[in-house]
Amino acid sequence: MVKEARQPHERPPEEREETHLLEQRRAEGRTALRNAAARIALEYATAVTVALDPERVESPSHAGFEHVDSDSRSWSNEPFAGDPYRVSLPDGRTAAEALLDNDVPLREFVVHTDESWLYRTHGRVNVSVAGPDYERDLRTLAEERGAVLVPLATLGRWTDGQRWYEITDGHLSIYPDDIAGKSWEERQRYTTHGSYPIAGIECIHITESEMTIELSWAAIEDDSPFMRAVGAVIGTIGAALPIPEAPTEMDFDSQEAFATAVETLLTATNRGGYDRTDGV
């Protein structure tokens with residue numbers, strides 16, 4: 001029996017092709033940020049493959065795009081939404097950028113080589129295939145725009161003695177008991193765990209002498225009416241369950257757990273927006 005393919009968000013981060021998510025708290029400017037990231041990826045790629053919304057646009061009108069067989073992709077095993085059209089780089093760069101500049105309704109915009117992709121729609125990024133310069137350019141863009149290049153891998157787990165924490169899939173998750181022996185799927189199915197986007201961490205204050213970490217959070221705006229509605233439903237469900245709120249303070253008795261938490265949080269947030277004191 002053939003196992004049905006799961007969407008990327010249904011699999012552990014380590015099994016996906018994307019390594020990071022480029023995220024910005026404000027909905028305003030998010031499209032410009034993602035378009036800028038796509039342009040950076042064009043410098044390292046050999047082609048762009050797109051799929052347009054068939055209810056609004058039948059096919060790309062820009063010269064250079066050609067229809068390709070959806071089964072002939074060599075650059076990804078991830079699901080692809082729509083009928084693919086491809087243009088080669090660098091000759092087709094103007095055509096590719098025109099889709100971004102004209103705000104064409106896209107289902108997919110993927111910048112790739114023959115072997116793997118670098119950038120996909122909605123800020124999904126794969127920095128594992130283009131060398132350190134690509135990641136450096138994206139981090140510079142994020143810093144300039146007040147955004148965060150969020151790693152999606154499972155970065156670390158720790159406990160403060162009362163709750164268990166994990167940073168994975170771009171979120172800080174909190175559990176009521178030890179999760180060390182549970183699979184990623186089992187951890188995601190917990191009905192009493194809270195999960196909060198790393199991009200929402202505005203500042204980290206570390207007091208080493210007291211082994212405390214304080215987190216301040218900023219709200220992340222959603223530019224999708226559908227997702228705003230989903231968030232409202234989830235919020236209603238959460239109010240009826242003992243789901244912990246986003247943590248604002250962690251106090252540690254273990255130096256090892258404290259060090260793990262500090263390193264994991266700083267790695268997840270690109271080591272920006274934090275303050276370190278000796279507690280005096």
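The values are calculated or read from the model by the stated rules, or taken from the named source; none is laboratory data. Please read all numbers here as calculations on a predicted model, not as lab measurements. In this analysis, Cβ positions are derived from the backbone assuming ideal geometry, glycine residues included, and neighbour counts consider all displayed protein chains. These accessible areas exclude ligands, DNA and RNA; they are computed on the full protein's heavy atoms, side chains included. Shrake-Rupley method; radii C 1.70, N 1.55, O 1.52, S 1.80 Å.
Using 0.36 nm per residue of separation minus the Cα-Cα distance, give me the extension gain between R6 and T154 in nm, one decimal. List each step's numbers first, then the result.
Working: separation 148, 0.36 × 148 = 53.28 nm, distance 1.91 nm.
Gain on extension, R6 to T154, equals 51.4 nm.
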**Message:** Please compute the contact order of the chain in relative form: average sequence separation of alpha-carbon pairs under 8 Å and at least six residues apart, divided by the residue count, as a percent.
**Reply:** 20 percent
**Message:** Please report the antiparallel percentage of the DSSP beta bridges confined to segment 42-145, to the nearest 5.
**Reply:** 100 percent
**Request:** Report the residue, chosen from P79, P13, P105, that carries the largest GNM mean-square fluctuation when the chain is represented by alpha-carbon nodes joined by springs under 10 Å.
**Result:** P79
**Asked** With every protein chain in place, what's the accessible area of S74 (1.4 Å probe, Å², nearest 10)?
**Response** 80 Å²
**Prompt:** Sorted from largest down, what three extents in whole angstroms do the Cα atoms of segment 42-145 have along their principal axes?
**Reply:** 36, 28, 25
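Determine the share of the chain's accessible area contributed by carbon and sulfur atoms, expressed in whole percent, with a 1.4 angstrom probe.
On the way: 7190 of 14830 Å².
On the chain, the fraction of accessible area on carbon and sulfur atoms equals 48 percent.
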**Request:** Could you calculate, for the chain, the ratio of the Cα radius of gyration to the Kirkwood radius, expressed as Rg to Rh?
**Result:** 1.00
**Prompt:** Once every DSSP H run of n ≥ 4 in the chain is given -39500 (n - 2.57) and the sum is divided by its residues, what mean residue ellipticity at 222 nm do you get, rounded to the nearest 500 deg cm²/dmol?
**Reply:** -8000 deg cm²/dmol
**Item:** Residue with peak Gaussian network fluctuation, the chain [Cα springs, cutoff 10 Å], from A98, A147, A47
**Value:** A98
**Request:** Provide the net charge surrounding M250, with neighbours chosen by a C-beta distance below 9 Å and charges set as Lys +1, Arg +1, Asp -1, Glu -1.
**Result:** -3
**Request:** Measure off 7 Å from each Cα along the Cα-to-Cβ vector at E144 and E66, then give the distance between these two points in nanometres to one decimal.
**Result:** 3.4 nm
**Complete:** Cα-Cα pairs in segment 138-188 separated by more than 12 Å, as a whole percent of all pairs, come to 67 percent
**Prompt:** Can you give the Rg and Dmax of segment 1-70 based on its C-alpha atoms, in angstrom?
**Reply:** 16.1, 46
**Asked** Quick one: accessible area per residue over the chain, 1.4 Å probe, rounded to a whole number of Å²?
**Response** 53 Å²
**FRET efficiency estimate (nearest 0.05) - Cβ-Cβ, T192 to D53, R0 51 angstrom** = 0.85
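Give me the percent of DSSP beta bridges within the chain that run antiparallel, rounded to the nearest 5.
Numbers: 44 of 48 bridges.
Of the beta bridges lying entirely in the chain, close to 90 percent run antiparallel.
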